[in-house]
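Below you'll find the structure, written out as structure tokens, and then a few comments.
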Amino acid sequence: MNGETAWALYETRLTRVSSYIHDHLDEELDMERLAEIACLSSYHWHRIYRAIYGETLAATVKRLRLHRAAGEIVRTEVAISEIAKRSGYPNLQSFNRIFKSVYGMPPARYRKEGSHTAFQPSPYGKTKAMFDVTLRQIEPTELIGVAHTGSYMQIGKAFEQLFGTLYARGLARPDMRMIGVYLDDPDIVPAEKLRSIACVTGVSNLPADAPLEQRTIEGGNYAVLRHRGPYADMYRAYQWLYSEWLPKSGRQLKDSVMYEEYLNNPRDTPPTELLTEIHMPLA
């Protein structure tokens, strides 16, 4: 087997395991099962997984389950006890404790007072706080990415595949910036049909063999809102941009896609400290 074939098999194994983790969060995941999927011993697989993704399997599962739980707490009225059960916690007390340690407050309080509430209208029809928006001239930017279809909250699955592919092919570089490109309006397109692309920058002359695809961010004027906090909160920031900032700005939208740039890594950054810049294209 030549080196190229070996890397292709390795890439396939990374993708297969990452996809399985994302698709089976409601199940008990163990290293032996994932080792079978990867066709590697559990002894070696865990070392490979941690070396590539920078965290243990247990940390990945915990992070993804809490990310999903935060989205359900913010966007639905599902009982906290049901969310805790679905997230794999044996009782509500343990879920409350773990959620508070990561998100800074218990889930019930987070539903009422979390950072997403800053974007909710007051009785007078305005949000409780104002947010800084800067106007920037963005140069055309080449990207390479992996397409995702489904809830925008689950684009992390495509990012996992993207980075696994880049590492397996020896293409990953520390200066690559993480970009999420969102092609549909979640208010009118069903969640299961939403299209997005998990991307990185700094990709000149990189081959775009499947599952990778090339894309370019259009240059021009953008309104940029810097959001601090969990990804689950950001849909409120979009609502604020459209309903409050845009009408007051006197600017017109450009017929182009919005995108997000992720300034730190959710693997080693608490959700409350995540920084995301939302880019709105302007005419």
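The values are calculated or read from the model by the stated rules, or taken from the named source; none is laboratory data. Just so it is clear, the model here is predicted, and its values are computed rather than measured. Note: ideal-geometry Cβ built from the backbone for every residue, glycine included; neighbour counts use all protein chains shown.
One residue stands out in region 1-25 among those that are outside any helix (DSSP H, G or I) and at pLDDT 80 or above: the one that is farthest from H67 (Cα to Cα), namely H24. Taking the criterion of being surrounded by fewer than 16 Cβ atoms within 10 Å (Cβ to Cβ) and hydroxyl-bearing (S, T, Y), the residues of region 90-111 that qualify are S94, S101.
For E72, are the conditions met, namely being farther than 22 Å from A191 by Cβ, in a helix (DSSP H, G or I) and not assigned by TED's automatic domain parsing to the domain that holds T165?
Against the criterion (farther than 22 Å from A191 by Cβ, in a helix (DSSP H, G or I) and not assigned by TED's automatic domain parsing to the domain that holds T165), E72 does not qualify.
Report yes if some residue within region 39-54 is modelled with pLDDT of 80 or more and out of contact with any Lys or Arg (no Cβ under 8 Å at 6 or more places or on another chain); otherwise report no. No, every residue in region 39-54 fails to be modelled with pLDDT of 80 or more and out of contact with any Lys or Arg (no Cβ under 8 Å at 6 or more places or on another chain). The residue that is surrounded by the fewest Cβ atoms within 10 Å (Cβ to Cβ), among those in region 10-38 that are of a type in the set (V, I, T) and under 21 Å from the mean Cα position of the chain (by Cα), is T15. Kindly indicate which of R228, R236, R177 is of a type in the set (K, R) and modelled with pLDDT of 90 or more. Being of a type in the set (K, R) and modelled with pLDDT of 90 or more holds for just one of R228, R236, R177, which is R177.
Looking across region 137-147, the residues that are crowded, with 16+ Cβ neighbours inside 10 Å and either under 13 Å from I179 (Cβ atoms) or out of contact with any strand residue (DSSP E or B) (no Cβ under 8 Å at 6 or more places or on another chain) (or both) come down to T141, L143, I144, G145, V146.
Among the strands (runs of 3 or more DSSP E) confined wholly to region 160-269, which include 1 or more residues that are within 14 Å of the chain's Cα centre (by Cα) and within 22 Å of E139 (Cβ to Cβ)?
It comes to 178-182, 195-200, 258-262.
Restricting attention to region 136-153, the residues being under 17 Å from the mean Cα position of the chain (by Cα) and over 19 Å from A210 (Cβ atoms) number 3.
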